[in-house]
Amino acid sequence: MARPPPPLLGQLLRRVLASHSPISHPSIPSPPLIILRFLSSVSPAAAADPSDVAQSIAAELQKISAPSTDLPGHLSLHFSDVRFTPSLLRDVLTLSPPTAGRAAADLFRHLAGTRCLTASDPNLSLLVRLLARRHDFKAIHDLLHDFPRAVGHETLSATLLSLANAGRPSVAVRLFQSLGKDLNVPRDRAALSALVTALCTHGFTGYAERAVKAVADEIFPDVVICNTLIGGYCTELKLGEARRLMEEMLRGGFELSTPAYNSILDCVCRLSRKKDPLQMQPEAEKILLEMESAGIQRNAGTFHVLIYNICKIRKTEDAMKLFSRMPEWGCSAEAETYLVLIRSLYQAARVSEGDEMIGWMRAAGFGSKLDRKAYYGFVKILCGIERVDHAMKVFRMMKGYGHAPGIKTYDLLIGKLAAHNQGDRANALFKEAVARGVPVTPNVYKVDPRSQDQRGGSFEPFNVKGHGGAT
């Protein structure tokens, strides 16, 4: 049976029916209970907040996610007065849980059928990503074949990535092979590149290489596709396969570029870290000499690979020396390279140098990358090496740049301050979190015996167990 209307909605329906004669049939649906009516007579100031509307629609989709015999009628009743736009649809799908995927697909069909929203490639790709979160490939298949003309490269990429992520590489290859027949997307180099990227990203480089060779007479691969294949094998630590592919590229007349060598360099460093970390730098030098003899220039990515792997084996001083030599090669550090060095300096207890590196990173124009997540990582490292006072300094820096700490940051610092017998500071931080609306809860802590002689005081019990959330 169709879902009965909510009580207040039923009252509205009865009022509409009462205003008509017994033989009349109201054709205008009543206003939805949870969604404000968008009328041209309503001023912008009085209109509903789009985020609230999206939240209401997402909640309603969750309610009707169960099978319904009169779903089109339900959609017409509840959503007929909403003026859907691509941005509103994006917000709705972002807020919708995976269980509401099929209801969202039915809503999309309803909107496209009534011409309330165009069935375009960007809109369709949003829905594919929602359905992919629950691996509902039957619904994705039906959706693609219901709107074959709307399927473009954006939807194709989202579908291929979801199939590869779910461990279905053969299905992804078959989808690529069906292009131009069942779907309106041409089987061209862009589609092949999307397939290769999806498969290599999720560890199916062998499937990707076979697919490339199968259509080589029709679609000749370019250097980007070849570099992606080499990078895929290197990510899987299959150095022999990556080397073989490089030799085939050279024989085929391709010119190897820096990204290919950077992938090989990273693979060599990671393998050396697993087998013998002391041999990592000599092995990396061999790759650098090979690049130099082939006339391949180092770039910022090359230095990032080296610095990242050197920091992984705790040779922070060597990483700093390499960082200082980057200008000799005409390279500037990337944001990720700065973050790697900051974390490594803090782990090595070189806290003042870590602070200095944060300043350099901001001066280089990467201040936006120092977000709440990055600062939480710094605080976590400093607490891990028992530098709680400096962790509090970074915490204040975090707030000074406008990043509101979350429950994980407060929990971590409160617990560490309490363990270090700094009860007054822990209580003050707890009260600050409560004042900011962060849901920390009371608990009793044990003071670290090594901190018994340090300053402290009595502190209220408070709890930080088992809470996840924003950093």
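Observations on the structure shown:
- Scanning region 134-144 for residues that are over 19 Å from A194 (Cβ atoms) and part of a helix (DSSP H, G or I) yields a count of 3.
- Qualifying residue in region 404-419 (condition: more than 34 Å from the chain's Cα centre (by Cα) and crowded, with 18+ Cβ neighbours inside 10 Å): yes
- Annotation: of all residues in region 145-197 being part of a helix (DSSP H, G or I) and either in contact (Cβ under 8 Å) with a residue 60 or more places away in the chain or hydroxyl-bearing (S, T, Y) (or both), the one that is surrounded by the most Cβ atoms within 10 Å (Cβ to Cβ) is T159.
- All helices (runs of 4 or more DSSP H) inside region 304-400 with 1 or more residues being in contact (Cβ under 8 Å) with a residue 60 or more places away in the chain and within 24 Å of the chain's Cα centre (by Cα): 372-384
- Test: I414 is touching a Pro at 6+ places or on another chain (Cβ under 9 Å) and on the phi < 0 side of the Ramachandran plot: no
- Subset tally (residues that are surrounded by fewer than 22 Cβ atoms within 10 Å (Cβ to Cβ) and either under 25 Å from the mean Cα position of the chain (by Cα) or within 25 Å of P169 (Cβ to Cβ) (or both)) for region 106-125: 4
- Within region 289-311, the residues that satisfy the criterion of being of a type in the set (A, V, I, L, M) and surrounded by fewer than 15 Cβ atoms within 10 Å (Cβ to Cβ) are L289, A294.
- Scanning region 312-321 for residues that are of a type outside the set (S, T, N, Q) and surrounded by 15 or more Cβ atoms within 10 Å (Cβ to Cβ) yields K312, I313, K315, D318, A319, M320.
- W360 modelled with pLDDT under 95 and aromatic (F, W, Y): no
The values are calculated or read from the model by the stated rules, or taken from the named source; none is laboratory data. As the structure is a computational prediction, the values presented were derived from the model and not from experiment. A quick note on method: Cβ atoms are made from the backbone with ideal geometry, for glycine too, and the neighbour counts reach across all protein chains shown.
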